[in-house]
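Only the coordinates and a few stated rules stand behind these numbers; no lab work does. A quick note: this is a predicted structure, and the numbers were derived from the prediction, not measured. FYI the Cβ positions are ideal-geometry reconstructions off the backbone, even for glycines, and counts take in every protein chain you see.
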Amino acid sequence: MPPGGGGPMKDCEYSQISTHSSSPMESPHKKKKIAARRKWEVFPGRNKFFCNGRIMMARQTGVFYLTLVLILVTSGLFFAFDCPYLAVKITPAIPAVAGILFFFVMGTLLRTSFSDPGVLPRATPDEAADLERQIDIANGTSSGGYRPPPRTKEVIINGQTVKLKYCFTCKIFRPPRASHCSLCDNCVERFDHHCPWVGNCVGKRNYRFFYMFILSLSFLTVFIFAFVITHVILRSQQTGFLNALKDSPASVLEAVVCFFSVWSIVGLSGFHTYLISSNQTTNEDIKGSWSNKRGKENYNPYSYGNIFTNCCVALCGPISPSLIDRRGYIQPDTPQPAAPSSGITMYGATQSQSDMAAATPLLQSEPSLTSDELHLPGKPGLGTPCASLTLGPPTPPASMPNLAEATLADVMPRKDEHMGHQFLTPDEAPSPPRLLAAGSPLAHSRTMHVLGLASQDSLHEDSVRGLVKLSSV
């Protein structure tokens, strides 16, 4: 070892190998931040959501906007052209009552249209697979391709046998009174019908608001129609019938709209009043599920036997919470840290040490020195310019620096820059072969130890040759 050999190595600098890239050699402890998404963004049904999932509607909303236009235009014309005359000639209570009815109609309409009707959540893949196994076992088959025709279960409710049908879309057995809406593609609890006029399904959670909407709309339509006719009659008594129509043409339009709509609205209100009093749904009534034509023993197991009780349960009972939690967050999968490529688990390592560990295979893949490459007599030493570094697999990513062109000063970090990290000192860490630039001083203790071994081998060969010569003599 040359005198003062430890001095030049103190000037050597360490640099941290950059591994911050999207390659497989990225640090295993680095986690990517995934933006949290709400459940309504990935909702499987055919619905539209507004206001960050607070408003839920069907996709076909054209008829709903027509309903809004008819109510707003008819009521607006009545307040603008009829109410001022009626308030002066009859009583100011007319516009007040009309205003109360109008706001009640709009409130119940929006509540029906924008709420969850009682959508049932679909089964997860694990739940669906478990249910499939139960069905296969119940039907005595284990083949995955065979599917029995009707998939039903039977339950007894108040002495009446009720069948639960299997939904192939939602992968669940629908509870009693539930049905799958083909327009919204959802199973709805206590499904009544899909109403395009409100732009939503009518089910367990919004049926009472739907009923109050059509009932209040019936009163508003009858109220407007009656006082429009009153307005025209009062004007015709003063100026004549034709002059009264010319003086208030808006009243004619209101009377026509109310005349053609009042029959259907009032009739629909009466029909649903009958359904509430008997505790039935539109779906059950159309199918005749509890009709006496199916037999004397066929009766409605959901009826309380009292009209007043049935009405109180439908209109005054508690509203069940939504089951789909459309504004909840999707829980992302927890990332599992991968094991280091060297097979050694690193505990308590700093970020710099983790990055250095990720780059370790690059240095290990380099071929080792052979005896022919040692500093023997007649051959160039290690102080000569090095050949380019030949790396084996794995190939470093494009974002990493080329180790073949790196010098010892580029591989080793500065002491003053990384005082917080515990790196090996130059005397403790071996120097990677072929990374010394031309003219770099060789002061590494382990390298000099290799050279010392090489010179000892050379002396041993000379001594053996001398003994051979002596023995031959």
Can you report the principal axis dimensions of the stretch 123-266 using only the alpha carbons, biggest first, rounded to whole angstrom?
86, 33, 22
Treat each spin label as a single point 7 Å out from the Cα along the C-beta direction, and report the L253 to Y166 distance in nm.
5.7 nm
My understanding is that a pair violates if its Cα-Cα distance is over 27 Å; which of K39/K163; K39/K287; K171/K287; K48/K287; K204/K296; K171/K293 do that in this structure?
K39/K163; K39/K287; K48/K287; K204/K296; K171/K293
Tell me, what HN-Hα J-couplings in whole Hz come from the Karplus equation 6.51 cos²θ - 1.76 cosθ + 1.60 at θ = phi - 60° for each residue of the stretch 107-122, using x for Gly and Pro?
x, 5, 5, 5, 5, 6, 6, 9, 9, 6, x, x, 5, 8, x, 6
Report the calculated FRET efficiency for D126 and C312 (r = Cβ-Cβ distance, R0 = 51 Å), to the nearest 0.05.
0.80
Could you point to the residue in P175, N206, L217 farthest towards the positive end of the stretch 135-262's charge dipole, with +1 and -1 charges on the Cβ of Lys/Arg and Asp/Glu respectively?
P175
